[in-house]
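Student: Before anything else, here's the structure in question.
The values are calculated or read from the model by the stated rules, or taken from the named source; none is laboratory data. Worth saying up front: this structure is predicted, and the values here are computed from it rather than measured. Quick reminder, even Gly has a Cβ in these numbers, built from the backbone with ideal geometry, and neighbours come from all protein chains shown. Just so you know, the surface numbers come from the protein's heavy atoms only, side chains and all, with ligands and any DNA or RNA stripped out. Shrake-Rupley method; radii C 1.70, N 1.55, O 1.52, S 1.80 Å.
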Amino acid sequence: MIDGPVWHPFTQHATEPAPPVVHRTGGAYLHTDRGRLIDAVSSWWVVTHGHRHPPIMDAIRDAADRLDQVIFAGLTHEPAERLAAALVRLAPEGLSRVFYSDSGSTAVEVALKMALGYWRAADRGEARHRIVVMDHSYHGDTIGTMSVGERGVFNAAYGPLMFDVDSIPFPQGDGGATLDAFRALAQGGQIAALIVEPLILGSGGMLMYDPGVLAGLRQICNDHGVLMIADEVMTGWGRTGRLWACDHAGIAPDILCTSKGLTGGAVPLAATLACEKVYQAHYSTDRARTFFHSSSYTANPIACAAAVANVAIWEAAGMQPVLDRVAAMQAQRLAVVAARPGWENPRQLGTIAAIDLTAAAGGYLAQEGPAMRAHFLDRGVLLRPLGNTVYVMPPYCVTDDDMDEIWGAIASYR
Ligand SMILES: *Cc1c(COP(=O)(O)O)cnc(C)c1O
């Protein structure tokens, strides 16, 4: 049972034990009142290089000496301008405009609004508004982002408020059925946009599919004028072994959402990148075509400065060997656990590794989840299984010894 005024996210206060208190972070570790934890989930997928990564913390300190929040309508500032220029350089080709917000959910909301705004633009003649989504997807917890995500126990209560979407199956094998389903929908001429998590569905259970399928979806979007939105909120900043998951397929979406690793995970920030035609649809002497969206903390200068420092790390080269090293450490240990009885479906994409307990079905609410979490916590490892899927998504500074501890804790559960 958890007491006190704090209401924690995704937490059942009636049944869960009081959480450890974190008093200091650094590298791959969380130092708590119960000892050191290895952060094997990068604090919900946000921390990329490591906690309190020095160049990023320096940038935050330096920016805080000069700037705090500044209204971003009618004013601008250097960290936001520099970051936008860098994002355009690093992003897949053709993404030329950068709109700031402050979380993955808002980045996705912005993407959906941009897509609808594009189709609303008067000279286009057809106000398409339907969105196609992939089964098992997750795009956030606001009403709009839940609408384009998997429906289930997490959002059943809010169903009456959600909008209708069209869905395509999660790709199996070469993804033929998924592509056929999407083509059929696109041919109907009503589809404004497709939104996908490229190559790996995170919250859906670390489900992975082939880059060829992503390329196939892009082609169908081209054939039928459908906008492609890539939700790279989890996959961006190297998680899949490349800077962007889209890079594996050699494609560029029309709209790209990034957040979690954008500041290296130090402070909240998000960006929605758009291609020129989406921007131009809102560029007009007609004020009604303005993109009407803002949040109070849009382009927070301190967050932008943190992101500028992060982007500098990626632009300096030298990140590929770091990602390759994490991927190799994961592969070796995943194979060991996969060879043990009681585990199945080992899978890996870059720095992300996942494996399923061969438990009886039971979905996310199965009792196994809390039991596993407690087991790992006792061994000094922070993991949050998704149903019977255990995944490891560490900060890139993780060491061989850390990895041994993480996977040792996993192996010891069965
Ligand atoms: C985490 C996540 C989001 C939502 O991001 P928040 O910052 O939690 O709002 C959206 N899409 C994907 C793919 C995510 O993993």
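Student: For residue 69, project a label point 7 Å along Cα to C-beta. Then give me every residue of region 284-298 with its amide nitrogen under 17 Å of that point.
Tutor: Flagged as within label range: 293-298.
Student: Which whole-angstrom value gives the distance between the alpha carbon centres of region 1-29 and region 42-116?
Tutor: The distance from the Cα centre of region 1-29 to that of region 42-116 comes to 28 Å.
Student: When ligands, DNA and RNA are left out and all protein chains stay put, how many square angstrom of accessible area per residue does region 56-315 have with a 1.4 Å probe?
Tutor: In whole numbers, region 56-315 has 40 Å² accessible per residue.
Student: With a 1.4 Å probe and every protein chain kept in, tell me what percent of the accessible surface of region 127-168 is carbon plus sulfur.
Tutor: That fraction is 58 percent.
Student: If I take every Cα pair under 8 Å that is 6 or more residues apart in the chain, average their sequence separation and divide by the length, what percent do I get for the relative contact order?
Tutor: 22 percent
Student: Between residue 76 and residue 156, 0.36 nm times their residue separation minus their Cα-Cα distance comes to what?
Tutor: 24.7 nm
Student: Measure nothing fancy, just the Cα-based angle from helix 400-411's long axis to the longest principal axis of the chain, in degrees from 0 to 90, nearest 10.
Tutor: 80 degrees
Student: While we're on this one: Using a 1.4 angstrom probe on the protein heavy atoms only, could you order 262, 382 from most to least accessible area?
Tutor: Ranking 262, 382 by accessible area, largest first, yields 382, 262.
Student: Can you compute 3J(HN,Hα) from phi for each residue in region 298-315, using the Karplus curve 6.51 cos²θ - 1.76 cosθ + 1.60 with θ = phi - 60°, rounded to whole Hz and x for Gly and Pro?
Tutor: Here the 3J(HN,Hα) series is 3, 6, 3, x, 5, 5, 4, 5, 4, 5, 4, 5, 5, 4, 4, 4, 6, 6 Hz.
Student: Something else about it: Keeping all protein chains in the complex and leaving out DNA, RNA and ligands, what accessible area do you get for residue 113 with a 1.4 Å probe, in Å² to the nearest 10?
Tutor: 80 Å²
Student: Same structure, new question: How long is the gain from residue 33 to residue 222 if the chain were fully straight, where each residue apart is worth 0.36 nm and the alpha carbon distance is subtracted?
Tutor: Gain in length upon complete extension: 62.6 nm.
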